[in-house]
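The values are calculated or read from the model by the stated rules, or taken from the named source; none is laboratory data. As the structure is a computational prediction, the values presented were derived from the model and not from experiment. No Cβ is skipped: glycine too gets one built from the backbone with ideal geometry, and neighbour counts run over all protein chains shown. The area values use the complete protein model at the heavy-atom level, side chains included, leaving out ligands, DNA and RNA. Shrake-Rupley method; radii C 1.70, N 1.55, O 1.52, S 1.80 Å.
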Amino acid sequence: MAQTQWWQRGIFYQVYPRSFQDTNDDGIGDLDGIRARLDYLVALGIDAVWISPIFPSPMADFGYDVADYCGIDPMFGDLEAFDRLIEEAHARRLKIVLDFVPNHTSDQHSWFAESRASRENPRRDWYIWRDPAPDGGPPNNWMSNFGGPAWTYDPASGQYYYHAFLNQQPDLNWRNPQVRAAMHDVLRFWMARGVDGFRVDVIWHLMKDADFRDNPPNPEYGPGDPDIRRFLQTRSTDQPDVHAIIAELRGVIDEYEDRVLIGEIYLPIDRLVTYYGENLEGAHLPFNFQLIHASWSAPRLAELIADYDAAVPEGGWPNWVLGNHDQPRIASRIGARRARVAAMLLLTLRGTPTMYYGDEIGMENVPIATEDAHDPWEKNEPGLGLGRDPERTPMQWDASPNAGFTNGRPWLPLAADFTTRNVAVQLEQPASLLGLYRELIALRRDHPVLHAGTYRKITALGDVLVFLRESAEECVLVALNLAGTAQDDIPLPPGTYGRVLLSTESDRPRQERVEGHLSLRPNEGVIVSLDARG
Ligand code: TEU
Ligand code: CA
């Protein structure tokens, strides 16, 4: 087995800082709160914490509208609080990964204030300004991801500026070398402070068609779809020249030792894997969201896992994401029972796993009425179920008021079930989802084959997904029953017998010997160590 990097062996855990832990009773999580919970993360067994944006921001998109890349929003703390967090995390051998949002700034960023001041301003070209179409309308048909046209008219200077997201999030012009240099310095600023890497927001958006040609219509667009689905984003995103930009970012990352570059990319597999770079000079980990969009059946999962595993280029490292702050909770997508099987899948697949805070205790979407929505997407395109507040609710720590998240009024409501579904309760119950996550993580650490071995698809037998992880030292079989009925006839590979290392059903005996066939209960997943029959 070749020497692996920490970001290949390890497990990433996303913290949405507003909702993790509040320490000053304003109802919003903060950096001191994350620091106060580091021991929990150590006990869970994760290796790296990715923190969604904590920079000064008017919070039009909850921090994804950055007004100063080299500061901390007072809501979250200050640079001293950040340094304390880094220091205490590193003392526990935890890595800290920040969210870098290079595609757009806040409209309150001083760069944009200068840029919009006049056509002659030296920073005019730092953003994307275009003349109106002949009829006075927007320069082309590009739509905003959060509804409506992606162009906003500036009457003072008579031009439109481009924003792939809110009009409070103007896109930077990455063709401008000054923009690139300024943003490279931002990465250096944080790495010099000890940051271990970055998750790069919408990295596939950074370059747009140089001629700003229209996007083609999307033949699949239909009623109930958000505006962004009207057109295929073939001109506004995923341009061939983005890879040179990313290679430059990677060059900056590589100026420091042991840092990681993760790219957020929503694209089909064949496009996604181009973000490793032709010669692996791109992102270390282009986020793989296949499990988020998959229909949860064994044949479908077997197919997409095989497709992805085969598409990752030689020398590139795979990764898997089960949830994030933009997507419905996994427990709500597939149900509580199968969330246990999903945990086993995430932690036994080949590739770095990324977990989303609260998924380890089975947190579910919390219904938020449109009139109570915070998420601008829900406000702009109400009632389509697009809102992302439900998966951003406060972490459920214990049964005390507000789940131990805050002594104030939480910015989003707590789940109704927090007195029974919380960290404190589940830490006491080995059979809980949290108990299972901890065992899976420990197993992944103790059995290097689970993070470093090859992947071999065996088959999808009915609704049972079966695969092997293999290395020179060990061979492990994973069998996941996605059906609500028992499955009795899962054959072991010829000439082998197995010992059960772990089951999602806590009362299944460890080290149970299996010969010939494996029996699974409804929604049961097992990890079996295989040996040759002597
Ligand atoms: O998300 C990018 C993105 O494409 C999302 O709009 C996604 O498509 C949507 O949420 C539904 O899947 C990133 C951030 O993760 C998100 O929170 C930000 O709002 C967005 O970029 C703008 O920075
Ligand atoms: Ca706070």
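Just a few scattered comments:
- Within the range 277-325, considering residues that are in a loop (DSSP other than H, G, I, E, B) and either touching an Asp or Glu at 6+ places or on another chain (Cβ under 7 Å) or within 16 Å of ligand 2 (Cβ to nearest atom) (or both), the one most open to solvent (accessible area, probe 1.4 Å): Ser297
- Assessment of the range 235-258 against the conditions (among the hydrophobic types (A, V, I, L, M, F, W, C) and in contact with a Pro (Cβ under 7 Å, 6 or more places away or on another chain)) yields no matching residue.
- Any hit, the range 194-203, residues being more than 16 Å from ligand 1 (Cβ to nearest atom), open to solvent by 50 Å² or more (accessible area, probe 1.4 Å) and modelled with pLDDT of 95 or more: no
- Taken as a whole, the condition of being open to solvent by 50 Å² or more (accessible area, probe 1.4 Å), under 28 Å from Ala310 (Cβ atoms), within 27 Å of the chain's Cα centre (by Cα) and β-branched (Val, Ile, Thr) applies to Thr454.
- You will find that of Gly63, Gly27, Gly71, the residue that is open to solvent by less than 50 Å² (accessible area, probe 1.4 Å), more than 21 Å from the chain's Cα centre (by Cα), within 14 Å of ligand 2 (Cβ to nearest atom) and not basic (Lys, Arg) is Gly27 and no other.
- Pairs where the first residue, in the range 341-358, is under 12 Å from Arg329 (Cβ atoms) and the second is of a type in the set (Val, Ile, Thr) and open to solvent by less than 10 Å² (accessible area, probe 1.4 Å), C-beta under 6 Å, 6+ apart: Ala342/Ile330; Tyr357/Val15
- No other residue among Asn140, Asn121 is more than 16 Å from ligand 2 (Cβ to nearest atom) and either crowded, with 23+ Cβ neighbours inside 10 Å or in contact (Cβ under 8 Å) with a residue 24 or more places away in the chain (or both) apart from Asn140.
- Pair list, Cβ under 8 Å, 6 or more apart: the range 62-78 residue within 20 Å of Phe146 (Cα to Cα), other residue open to solvent by 50 Å² or more (accessible area, probe 1.4 Å) and within 16 Å of ligand 1 (Cβ to nearest atom): Phe62/His374; Asp65/Pro58; Asp65/Gln108; Asp65/Gln168; Ala67/Pro58; Ala67/Gln108
- Residue in the range 522-530 that is within 15 Å of Glu439 (Cβ to Cβ), hydroxyl-bearing (Ser, Thr, Tyr) and open to solvent by 20 Å² or more (accessible area, probe 1.4 Å) present: no
- Residues of the range 162-185 that turn out to be outside any loop (DSSP other than H, G, I, E, B) and either within 16 Å of ligand 2 (Cβ to nearest atom) or open to solvent by 10 Å² or more (accessible area, probe 1.4 Å) (or both), as a count: 7
- Pro328 assigned to a helix (DSSP H, G or I) and either surrounded by fewer than 16 Cβ atoms within 10 Å (Cβ to Cβ) or not assigned by TED's automatic domain parsing to the domain that holds Leu482 (or both): no
- Every residue from the range 30-58 that is aliphatic (A, V, I, L, M) and open to solvent by 20 Å² or more (accessible area, probe 1.4 Å): Ala36, Val42, Ala43
- Pro240 fulfils the conditions (1) of a type outside the set (A, V, I, L, M, F, W, C); (2) free of Cβ contacts under 8 Å to residues at least 60 places away in the same chain; (3) in contact with a strand residue (DSSP E or B) (Cβ under 9 Å, 6 or more places away or on another chain) except for a single criterion, (3).
- Of all residues in the range 1-24 being out of contact with any Lys or Arg (no Cβ under 9 Å at 6 or more places or on another chain), open to solvent by 10 Å² or more (accessible area, probe 1.4 Å) and away from ligand 2 (no atom under 16 Å from the Cβ), the one that is modelled with the lowest pLDDT: Met1
- Across the range 249-307, the qualifying residues are those that are farther than 24 Å from Arg180 by Cα and among the hydroxyl-bearing types (Ser, Thr, Tyr), and the one among them that is farthest from ligand 1 (Cβ to nearest atom) is Ser297.
- Any hit, the range 407-419, residues being at pLDDT 95 or above, touching a Leu at 6+ places or on another chain (Cβ under 9 Å) and part of a loop (DSSP other than H, G, I, E, B): no
- Note on the range 365-384: residues that are open to solvent by 60 Å² or more (accessible area, probe 1.4 Å) and out of contact with any helix residue (DSSP H, G or I) (no Cβ under 9 Å at 6 or more places or on another chain) total 1.
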